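A short worksheet on the structure shown next.
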Amino acid sequence: MPLMPFFPLRSRTARFFAVGCLTLLLNACAALNQNSADDEPAPDLSELAHQAAERIVAGNPDITRYSPMIAATFVDIDNLSESSTFGRISSEIMASALASQGMQVREVKMRDSMFIEESVGELILSRQVQRLSAQHDARSILMGTYAQGQEFIYVSARVVRTGDAMVLGTADFRLPLNNNTRSLLDTGGW
């Protein structure tokens, strides 16, 4: 008994049309599937900070000689006396990343000698660098700035020698601006 097709295609043109439509549909599905497999999620702040720390140490392998290091809150490039949750967590993650690269990082939150403003975090003002580095016996300071663009947040991090303010290492990266990063930039929440 001959098999009956799902729908009868009586003319040759109708059969070619059906085969063409199925081919297009299968190719479209394959292309969508391939694109979703190739699309990797954008790197997050932690991943980018660890990559930046690797670049800082690779650019100056002797940087660990300038341990211990203290970390300052990263600040908004447009207003160096302001920061946000983004600036505070960026500094924390970057300090951890540098510690994993061999830098000795001194935790200053355990002492009350650093200038801490409630809405900003730990900021190191240029006139206080010598005093703070002496109090914490720090040979270097992690500093950073960030700027918000339309689609990205740009971060610049550097390790600075306390004795003469010379930059020992630097790295920059950008992070996609999305709802998560926008909420970290909102200064009203802290």
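Within segment 43-111, which GluC sites (Glu not before Pro) sit in a loop by DSSP and count at most 13 neighbouring Cβ atoms inside 10 Å? For GluC sites (Glu not before Pro) across segment 43-111 that sit outside H, G, I, E and B with at most 13 neighbouring Cβ atoms in 10 Å, the list reads Glu107.
Here r is the Cβ-Cβ distance between Gln150 and Ser100 and R0 is 30 Å; the resulting FRET efficiency, rounded to 0.05, is 0.40. If you plug the beta carbon distance of Asn60 and Asp137 into 1/(1 + (r/R0)^6) with R0 = 22 Å, you get a FRET efficiency near 0.55.
FYI, it's all coordinate maths here, none of it is from the lab. None of the values given here were measured: they were computed from a predicted structure. Positions of Cβ are backbone-derived with ideal geometry, glycine not excepted, and every protein chain shown enters the neighbour counts.
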